[in-house]
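Read-outs throughout are calculated quantities, based only on the coordinates presented, and are distinct from any laboratory measurement. Every value quoted in this text rests on a predicted model; they were computed, and no experiment measured them. Every residue, glycine among them, receives a Cβ derived from its backbone with ideal geometry; neighbour counts consider all protein chains shown.
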Amino acid sequence: MQRMTAGDAAWYRMDRPRNEVDVVALLSFRGPVELARVRRLVEERLLAVERFRQRPVPCFLGAPGWEPDPGFSLRRHLLPVEIAPGTLPDFIGEVASSSLDPAHPLWRVHVVRERGRGGAIVAKLHHALGDGFALVALLLALADEHAAEEAPRAHVEPVHAGHPWLGSAQLAAARDAAAFGITLARLAAMSSDPPALSAVELSGVRRVAWSEDVPLDAIREAGRRRSATVNDVVVAAIAGALRSLLAARGAPLRPVRAFIPVNFRPARPDLGTDASLGNRFGLVFLDLPIELAAPAARLEAVRARVAALRAGAGALVAHDVLALAGYAPDVVQHALTRFFARKASLVLTNLPGPRAPVHLAGRPLASAMFWVPHPANLGLGVSVLSYAGEVRVGVRSDAAVLAEPAELVARIESEAAALGVRRSPRSVGRRRTAGRRAG
């Protein structure tokens with residue numbers, strides 16, 4: 001029996017009946033993928049990580065733990081699927097809506113054959129195994145280009161000082177008890193986010209959509225013209241899309257707050273180079289400038305607000321508060337989860353994938369996408385992933401909050417164009433949506 005880390009325990013205990021916390025990932029190929037080759041890859045590399053052969057134990061001396069699954073069978077976790085042409089989004093929606101069996105390891109990998117089209121791998125992994133940075137990196141570390149390297153590591157390393165949002169000086173200050181208390185007080189005093197993107201009760205029906213490929217260089221050039229980063233441009237486009245969506249609903253146009261995960265792992269050029277598991281991230285709170293009508297004004301506001309976040313230490317405090325929830329009594333854990341959920345309306349994350357094309361199970365990987373969870377009573381998550389010089393945006397929503405996430409994806413693409421981002425001429429639209437009721 002192994003005790004869960006506090007961070008992993010917090011996410012394991014965050015599941016709700018209609019809102020399981022998991023990451024769903026899509027790896028797409030132009031041709032079919034051989035099940036036997038994927039099976040061999042999973043056996044040799046994924047199952048070398050003991051966490052993928054362990055099941056959760058709800059209580060171990062007051063905290064959840066992991067133990068070997070005595071009935072482990074790869075057939076339960078690696079599933080071949082054949083679907084009709086054009087129904088891949090529907091299938092991903094079903095995967096996103098379904099539940100993982102807590103009597104066995106908390107993951108599934110589907111090897112999909114879409115008749116008359118290509119193949120795909122669709123994975124569903126519980127957040128207790130690791131955060132989005134870890135889980136997407138884990139899948140990409142299975143690429144053939146990494147075959148000579150050691151299997152992905154399952155241990156959790158200490159929090160490191162350097163990461164994209166915060167500097168080492170801010171992290172050192174946050175470790176001081178007084179600084180921690182001040183920042184925690186600021187979080188507690190932060191107003192709740194207006195319920196513009198919420199529902200009285202989530203439906204349990206998850207729907208997903210994803211964008212066309214957009215050249216990374218086109219986003220970089222659009223940002224350079226306004227002294228903004230790639231991340232600034234993408235976030236500004238998302239803010240503009242949410243403004244357009246809320247305006248169409250007749251909702252008040254005021255700032256909408258997003259949770260943004262902050263990776264605490266050592267800096268890496270892209271995913272697939274550090275596949276260690278565990279939850280090693282913090283959260284920052286970003287007010288998206290929905291209230292501003294002009295795209296250029298929204299971009300400038302995003303740039304300034306992100307710069308202000310880099311000067312703070314809130315992410316480390318959020319990390320420590322979430323870790324506290326992992327080992328706290330249920331009543332405290334639920335209160336802390338509600339505390340964070342009231343502070344924002346959506347989860348927004350951006351991951352850098354491999355810069356060069358990779359192969360998996362002998363096939364060139366055409367594209368990749370993932371969908372972030374939206375825990376507690378949140379019903380909307382937006383994820384951004386770059387791969388081989390192209391960027392995609394994915395939206396995952398509960399049907400009670402947003403029935404057609406493809407609508408938001410289309411608005412994001414339109415807002416990116418308004419910021420001067422030019423689409424790739426070879427991109428293929430995938431503004432489709434899908435899902436069904438869990439269970």
Could you give me the percent of Cα pairs per 5 Å distance bin for segment 2-146, shortest bin first, beginning at zero and ending with the bin that holds the maximum distance?
2, 9, 19, 22, 21, 14, 8, 4, 2, 0, 0
What's the center-to-center distance, using Cα atoms, between segment 41-108 and segment 377-411 in Å?
24
Report the local net charge at R226: Lys and Arg +1, Asp and Glu -1, summed over other residues whose C-beta lies under 10 Å from its C-beta.
+1
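Which net charge results when you count Lys and Arg as +1 and Asp and Glu as -1 among the other residues whose beta-carbon is under 10 Å from that of F281?
On the way: positive: R265, R280; negative: D131.
Surrounding charge for F281 is +1.
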Among L41, L242, which comes first, then next, by fewest other beta-carbon atoms within 10 Å?
L41, L242
From fewest to most C-beta neighbours within 10 Å, the residues I121, I92 line up as I121, I92
Suppose each label sits 7 Å from its Cα in the direction of the beta carbon; what would the E404-V332 distance come out to in nanometres?
4.7
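Summing Lys, Arg as +1 and Asp, Glu as -1, what charge do residues with Cβ under 15 Å from the Cβ of R75 carry, R75 excluded? Working shown, then result.
On the way: positive: R39, R40, R53, R76, R108; negative: E43, D69, D101.
Overall, the nearby charge balance is +2.
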Would you mind calculating the gained length between D144 and A103 on full extension (0.36 nm times residue separation, minus the Cα-Cα distance), in nm to one decimal?
11.6 nm
Please order W11, W210 by the number of other Cβ within 10 Å, starting at the fewest.
W11, W210
